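The values are calculated or read from the model by the stated rules, or taken from the named source; none is laboratory data. These figures come from a predicted structure and were not determined experimentally. Ideal geometry is used to build each Cβ from the backbone, glycine not excepted, and the neighbour counts take in all protein chains shown.
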Amino acid sequence: MAAYNERQVVELFRPLLEKIDLLTIPAAPDYLLIELGDFDELLKRKFGDCILTIRRRNFMSTPSGYYTFSFKTTNNRRIFFLNIFLSNILFVSNSPTLRIKRHRTFLHEFTHCIAAFLSMEKIIKISGLISDLSKKLEAKSKLNNESHYQSLLVQFGNNPISIVNALEIFPDEHFRIGYENFNGSFSNIYKKLTLDTNIFEKYFTLELQNLFYQHVRKGEVSKSSTILRQAIAELVSNEAISSDMINLRLREELLPYYYMRAFDN
């Protein structure tokens, strides 16, 4: 099977992500459970035995979230569980600050789970690898919970430390386990799931895009910027995405994409 690229991974897992409303996650001992087999494309890719659970807990340590892996055999069927745990502190209010932090924390852990699910695709066929994967995920989860380790890790990443700390953007190796059939960057997956053209164009409508293209072709920088800011203002008010992340994504991907399209129209 050919390795996935970043676009394919985002398209494969975005429907699962969009199914999750963080405000519906109940307090312990209840939790949200989603079977990947309920999604046609994931079922086709042999993820029918995989389950994602999302749980709220009181944490004794500083991280706001973490994930665990487990599996069990029922009626000769192996069921694989990825479990995301989110701190109850993230749910004490729905203020803009907490909405952003809650969304950012969940997306970070969700990206870890994507890496794990992509690893499972390979090990499901090779039963001898299950215990090895379990040990690797357990070790990885422990490292992700160590705040001092994370502070040290970001100093060796590709992004400025201030950006990494604020937006939880970590190097690809932070997410990678080793069995994934994927040659791209999980750091990029995290950023694309946070904000890409699919999300941006909910607010940067065709009407706004056409106005933007007209101003760009005329070299009207101020007017072009005003059109973008109009879309961004609505985006900020409706999505739990920080302005720092929006600005980063504009510089990295969105602005070059739409600027070049102005001359294709």
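Scan the range 32-55 for residues that are of a type in the set (A, V, I, L, M, F, W, C), outside any strand (DSSP E or B) and in contact with a strand residue (DSSP E or B) (Cβ under 6 Å, 6 or more places away or on another chain) and jot them down.
Residues of the range 32-55 of a type in the set (A, V, I, L, M, F, W, C): 32-34, 36, 39, 42-43, 47, 50-52, 54.
With the extra rule that they be outside any strand (DSSP E or B), the set shrinks to 36, 39, 42-43, 47.
Across the range 32-55, the qualifying residue is only Leu36.
Return the residues of the range 12-31 that are part of a helix (DSSP H, G or I) and in contact (Cβ under 8 Å) with a residue 12 or more places away in the chain; say none if nothing qualifies. Before the answer, list the steps.
Step one: filter the range 12-31 for residues part of a helix (DSSP H, G or I), giving 12-18, 22-24.
Listed by number, the residues that qualify are Leu12, Phe13, Arg14, Pro15, Leu16, Leu17, Leu22, Leu23.
How many of the residues making up the range 165-215 are in contact with an Asp or Glu (Cβ under 6 Å, 6 or more places away or on another chain) and among the basic types (Lys, Arg)?
0
When you look at Asp38, is it surrounded by fewer than 15 Cβ atoms within 10 Å (Cβ to Cβ), more than 17 Å from the chain's Cα centre (by Cα) and either of a type in the set (Phe, Trp, Tyr) or modelled with pLDDT of 95 or more (or both), yes or no?
yes
What's the total number of residues in the range 240-250 that are basic (Lys, Arg) and either at pLDDT below 90 or assigned by TED's automatic domain parsing to the domain that holds Phe106 (or both)? Don't jump to the end; show me each part of the working.
Step one: filter the range 240-250 for residues basic (Lys, Arg), giving 249.
Still in the running and either at pLDDT below 90 or assigned by TED's automatic domain parsing to the domain that holds Phe106 (or both): none.
Qualifying residue count for the region: 0.
Residue-by-condition table, conditions (1) assigned by TED's automatic domain parsing to the domain that holds Leu235; (2) crowded, with 19+ Cβ neighbours inside 10 Å; (3) modelled with pLDDT of 85 or more:
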| residue | (1), (2), (3) |
| --- | --- |
| Thr73 | no, no, no |
| Leu90 | no, yes, yes |
| Leu98 | no, no, yes |
| Arg102 | no, yes, yes |
| Leu107 | no, yes, yes |
| His112 | no, yes, yes |
| Ile126 | no, no, no |
| Asn145 | no, no, no |
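Within the range 21-30, is even one residue at pLDDT below 90, surrounded by 12 or more Cβ atoms within 10 Å (Cβ to Cβ) and either within 25 Å of Ser237 (Cα to Cα) or in contact with a strand residue (DSSP E or B) (Cβ under 6 Å, 6 or more places away or on another chain) (or both)?
Of the residues in the range 21-30, the ones at pLDDT below 90 are none.
There is no residue in the range 21-30 that is at pLDDT below 90, surrounded by 12 or more Cβ atoms within 10 Å (Cβ to Cβ) and either within 25 Å of Ser237 (Cα to Cα) or in contact with a strand residue (DSSP E or B) (Cβ under 6 Å, 6 or more places away or on another chain) (or both).
Being surrounded by 14 or more Cβ atoms within 10 Å (Cβ to Cβ) and either modelled with pLDDT under 90 or not assigned by TED's automatic domain parsing to the domain that holds Asn94 (or both): is that true of Phe204 here? Break it down stepwise before answering.
Details: surrounded by 14 or more Cβ atoms within 10 Å (Cβ to Cβ): yes; either modelled with pLDDT under 90 or not assigned by TED's automatic domain parsing to the domain that holds Asn94 (or both): yes.
Answer is yes for this residue.
Only one of these conditions is not met by Asn183: (1) at pLDDT 95 or above; (2) surrounded by fewer than 17 Cβ atoms within 10 Å (Cβ to Cβ); (3) in the same structural domain as Leu167 (by TED's automatic domain parsing). Which number is it?
(1)
Just a yes or no: is a residue in the range 217-227 in contact (Cβ under 8 Å) with a residue 60 or more places away in the chain, buried (at least 19 other Cβ atoms within 10 Å of the Cβ) and touching a helix residue (DSSP H, G or I) at 6+ places or on another chain (Cβ under 6 Å)?
If we filter the range 217-227 for residues that are in contact (Cβ under 8 Å) with a residue 60 or more places away in the chain, which is where we start, we get none.
Checked the range 217-227: no residue is in contact (Cβ under 8 Å) with a residue 60 or more places away in the chain, buried (at least 19 other Cβ atoms within 10 Å of the Cβ) and touching a helix residue (DSSP H, G or I) at 6+ places or on another chain (Cβ under 6 Å).
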